Amino acid sequence: MSSVEEASASSDHGTQIGDVSGAVHVGRGDIIHIDRIELMAEKVRETLRRSLPTDQEARAELREVITELTSLQAQLAEWKELHHLLHEVLTAFAPFHARLIPLGENGFSAAERQALLRNWRPCQDGVDMLMDFAEGVEHIGRPFRREGRELRGERWVVEIVALRLLLEDALKEDNLSPESLLELAAEFNSACHRHLALADRKLRAAVDKLQRLSTHLLGGMI
């Protein structure tokens, strides 16, 4: 992710809420500061709207630039959420994978199978949230659709859901193959990491484009 510089506080103000008093930081990035800037932005927007040129070509160009800015912001939000969800899936998968590796050396008892299923459920929940998100995407690809075993959508969700289904089928088998389960788990882990890296790259690219376009639009205005 791109680094974020910590801005120094512009001022500190004392406050009291009920019986609690103390200093409230209102430097750049603080919620109070952002609220104030948003109010200023609304005033500037209205001023600019009244000052827009009557030239239709100029207005069309401005509209196109603003549309692109809005699109980039929407892409940024969706890539950020995807990055977060994939990270959550990997975090939930780690205990299952860690428990699976030593067990896979000598096969699984009934108790060990139940323990694996318990460890798998948090990861299952994480993939469910990933699917819910993928069904509603509008700016980073095709929405995800599932009809039985048929999966449609972007590879970052289709591949992970397909591997999840294969893993769950394997966990339900009476003669559970340790080798097959270990192989599927390794593929699932690899797919999640690969798509997490993709989300990171796309997130960086969206941030870069948004910064460049904002600079070209606003640079030198003041």
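Quick check: net charge around His195, other residues with Cβ under 11 Å of its Cβ, Lys/Arg +1 and Asp/Glu -1? Taking every Cβ under 11 Å from that of His195, the sum is +1. A Förster distance of 45 Å, applied to the separation of the beta-carbon atoms of Ala77 and Ala111, puts the FRET efficiency at 0.50.
Spin-label model, Met129 to Arg59: label points 7 Å out along the Cα-to-beta-carbon direction sit 4.6 nm apart. The local environment of Arg149, defined by Cβ-Cβ distances under 13 Å, has a net charge of 0 under the rule Lys, Arg +1 and Asp, Glu -1.
Each residue of region 57-72 was assigned a 3J(HN,Hα) from its phi angle through the Karplus curve 6.51 cos²θ - 1.76 cosθ + 1.60 (θ = phi - 60°); the sequence is 5, 5, 5, 5, 5, 5, 4, 5, 5, 5, 4, 5, 4, 5, 5, 5 Hz, with glycine and proline shown as x. Can you give me the orientation-averaged projected area of the convex hull built on the Cα atoms of region 77-150, in nm²? Across all orientations, region 77-150 yields a mean hull projection of 6.1 nm². If r is the Cβ-Cβ distance from Arg212 to Leu165 and R0 is 35 Å, what FRET efficiency results, to the nearest 0.05? So, using R0 = 35 Å, E works out to roughly 0.25.
Each residue was assigned an accessible area with a 1.4 Å probe, and for Phe133 the value is about 40 Å².
Per residue, the accessible area of region 80-130 comes to 52 Å² when a 1.4 Å probe rolls over the protein heavy atoms.
The values are calculated or read from the model by the stated rules, or taken from the named source; none is laboratory data. All of these numbers come straight from a predicted model, not from anything done at the bench. Methodologically, a virtual Cβ is constructed for each residue, glycine included, from the backbone with ideal geometry; neighbour enumeration extends over all protein chains shown. Just the protein is used for accessible areas: all its heavy atoms, side chains included, with ligands, DNA and RNA removed. Shrake-Rupley method; radii C 1.70, N 1.55, O 1.52, S 1.80 Å.
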